[in-house]
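Trainee: Before we start, here is the structure in question, set down as structure tokens.
The values are calculated or read from the model by the stated rules, or taken from the named source; none is laboratory data. It should be emphasised that the depicted structure is a prediction, and the values quoted were computed from it without experimental measurement. In this analysis, Cβ positions are derived from the backbone assuming ideal geometry, glycine residues included, and neighbour counts consider all displayed protein chains. Areas reflect the complete protein model, heavy atoms only, side chains present, ligands, DNA and RNA absent. Shrake-Rupley method; radii C 1.70, N 1.55, O 1.52, S 1.80 Å.
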Amino acid sequence: TQVFTGYESNFRVVTGTAVYTAAFTPPTTPLTAISNTSLLTCQSNRCIDNSTNAFTITRNGDTTISGFDPFTPSSSYATYGSTYFDGTGDYLDLAPASDLLGSGDFTIEAWIYPVAAGGAIFSDQYTASDTIPIALSLSNGSVVDNTAGQLLSLQYYNGSTWTWCALST
């Protein structure tokens, strides 16, 4: 029910590994499938999983591929881009995969450029009947100006209660 409006690029999920354990430096080139990458998408001229899992990704709504790229253009990655969600029922879907996040440490990362306030960036559920055990969302608020940002939060469900963690402002 929380729709995201904006661009998403280089969406990567790494299981079993906390990728960033020191000061974070934003990448300046497209992400690659490092060890334990379970999903890598929204980074080329089509919606595909560039990890070794090669999950099938289904576009829903009128989700589109955009040439909008978070990195300085380079001929070595000229076919990279992002996925655009217009906020009216757009989302990407993977068949339920219990190994997407695993049961230990994991890293979810993406380049996100919101053009309207709020929305779910990622949610995971193991089967169609399960409660969504984890969601990464932008707060709802005033229209984004892309300089001040929004509150990014992680919510997770342990089977009986939800826990909410503010990640950044």
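Trainee: Under a point spin-label approximation (7 Å from Cα along Cα-to-Cβ), what is the VAL115-THR88 distance to one decimal in nm?
Mentor: 1.3 nm
Trainee: With all protein chains present, calculate the accessible area of THR58 using a 1.4 Å probe and round the result to the nearest 10 Å².
Mentor: We get 70 Å² for THR58.
Trainee: Same structure again: Within 12 Å, Cβ to Cβ, of TYR91, how many net charges do the neighbouring residues add up to if Lys/Arg are +1 and Asp/Glu are -1?
Mentor: Working: positive: ARG59; negative: GLU8, ASP62, ASP86, ASP90, ASP93.
Summing Lys and Arg as +1 and Asp and Glu as -1 gives -4.
Trainee: Could you work out the relative contact order of region 1-51, using alpha carbon pairs under 8 angstrom and six or more residues apart, expressed as a whole percent?
Mentor: On the way: 54 pairs, mean separation 21.0, N = 51.
The value is 41 percent.
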